[in-house]
1. Can you tell me which of Ile89, Ile105, Ile115 is open to solvent by less than 20 Å² (accessible area, probe 1.4 Å) and at pLDDT 95 or above?
2. Can you tell me how many residues within the range 125-139 are more than 15 Å from the ligand (Cβ to nearest atom), open to solvent by 10 Å² or more (accessible area, probe 1.4 Å) and closer than 21 Å to Gln279 by Cβ?
3. Within the range 204-221, which residues are of a type outside the set (Asp, Glu) and surrounded by 15 or more Cβ atoms within 10 Å (Cβ to Cβ)?
4. For the range 40-133, give me every one of the helices (runs of 4 or more DSSP H) that falls completely inside it and has 1 or more residues that are within 20 Å of Ala299 (Cα to Cα) and among the hydrophobic types (A, V, I, L, M, F, W, C).
5. Could you list, in sequence order, all residues of the range 271-292 that are open to solvent by 20 Å² or more (accessible area, probe 1.4 Å), in contact (Cβ under 8 Å) with a residue 24 or more places away in the chain, away from the ligand (no atom under 13 Å from the Cβ) and of a type in the set (A, V, I, L, M)?
6. Within the set of pairs 6+ apart or on separate chains, which have a first residue in the range 212-240 that is of a type in the set (Asp, Glu), a second that is part of a helix (DSSP H, G or I) and away from the ligand (no atom under 16 Å from the Cβ), and C-beta atoms under 8 Å apart?
7. Restricting to the range 140-158, and then to whatever is outside any helix (DSSP H, G or I) and away from the ligand (no atom under 15 Å from the Cβ), can you tell me which residue is least open to solvent (accessible area, probe 1.4 Å)?
8. In the range 160-194, how many are in contact with a helix residue (DSSP H, G or I) (Cβ under 6 Å, 6 or more places away or on another chain), part of a loop (DSSP other than H, G, I, E, B) and of a type outside the set (A, V, I, L, M)?
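The values are calculated or read from the model by the stated rules, or taken from the named source; none is laboratory data. Quick caveat: nothing in here was measured; it's all calculated off a predicted structure. Positions of Cβ are generated from backbone atoms using ideal geometry, with glycine treated the same way; all protein chains shown enter the neighbour counts. With ligands, DNA and RNA removed, areas are computed over all heavy atoms of the protein, side chains included. Shrake-Rupley method; radii C 1.70, N 1.55, O 1.52, S 1.80 Å.
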Amino acid sequence: MKMQKRIGILTSGGDCPGLNAVIRAVVSHATLTYGWEVLGIPYATKGLLEQKAIPLRVHGLDLRGVDPLLNMGGTILGSINKGDTLNHIDEILASYRALELDALIGIGGDGSLAILNQLRTAGNWQFIAIPKTIDNDVALTEYVVGFDTSVNTIVDALNRLTFTAASHDRVMIVEVMGRSAGHLALHAGIAGGADVILIPEIPYSIKDICLHLHELRENWGRKFAIIVVAEGASVASDSECYPECEKTRCGIGQYIADEISCCSQKQIDIRVSVLGHIQRGGIPSALDRLVATAFGKAAVDLIAQGDTGKMVGWHNGKVEAIPLSNVLAQSPLLVSANSYLVETARALGIYVGK
Ligand code: F6P
């Protein structure tokens, strides 16, 4: 006989493509396989605090027979990436009890999962975490929901910029997200044919970049170049021209542009594109849908087995359950300066710092 449960699901932190695909998988599996009730908690812990919940049913999620959730960006539940959750722990725990939840699935990045883990511990919740973030900085999983689509979005932008850069012999600087991690810049930069990739984890030199651009032009006849810079990259230690231009004021992309313009005596024509929240939008890629679906299914099974306090992670072609505290102890996961991808980029003549 099936044991009737009521589970909650929420999305927390910055949105990304694939969140709705997770919700879809959780609702389908929980209701069809186990006969459970699923409540969507709007706006993450804010919704919990306000004791809000939306019943989610598999047949309420379709549109005239078409299921839109698989390929819809964003999150139908809404999300917050700021707030003072930890000042309201007791109220949130009381709301959780009032909603009579047996378990909760939280979809979030490392910041949100750390907060939810504190609530879980305080309330002794049956909790499963599902990792999502375009930054790809959650430890102990090979994939997170959202990263692949974002990489593809950046690569698409680089494809477009390459042609216009080549037509005008320009240097195109593309500033991408990633917070303190350089995964987005590194993956998209390699896949999109960048000549220079600057990430927070690896120091670089303005002089080396200028030399690299010069060599591309003089030795290889490449009169244009693509530079991908992560938003979290630091100002170079050999900044000479615009020491007053701190990246918080002018943006790291513009800062690099100013420095290159100066060190080339304004001989290089440079343009800067800041991709911004375009990187968070759009239709989820096939890989993100697949990972979202597998994670959603696994999260429900773990609750059924009573194996909670875990995060689902991808490892060696399958989903594994990892103690959430182990994940948080190693997050945010940064790019290792001697990682295989950094080595690969360097082998292809991409300047990735020193
Ligand atoms: O963590 C995801 C992310 O998109 C980061 O890459 C970026 O720094 C940040 O969120 C932007 O946050 P917001 O949506 O608050 O501007």
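1. On the way: Ile89 fails: open to solvent by less than 20 Å² (accessible area, probe 1.4 Å); Ile115 fails: open to solvent by less than 20 Å² (accessible area, probe 1.4 Å).
Answer to the check: Ile105.
2. 0
3. Tyr204, Ser205, Ile206, Ile209, Cys210, His212, Leu213, Leu216, Arg217
4. Numbers: elements: 44-49, 89-98, 110-123.
Once the helices (runs of 4 or more DSSP H) in the range 40-133 are filtered for at least 1 residues that are within 20 Å of Ala299 (Cα to Cα) and among the hydrophobic types (A, V, I, L, M, F, W, C), what remains is 44-49, 110-123.
5. Val272, Ile283, Leu287
6. Listed by first residue and then by second, the contacts come to Asp238/Ile206; Asp238/Lys207; Glu240/Ile206; Glu240/Glu259; Glu240/Cys262; Glu240/Cys263.
7. Filtering first and then ranking leaves Thr141.
8. 2
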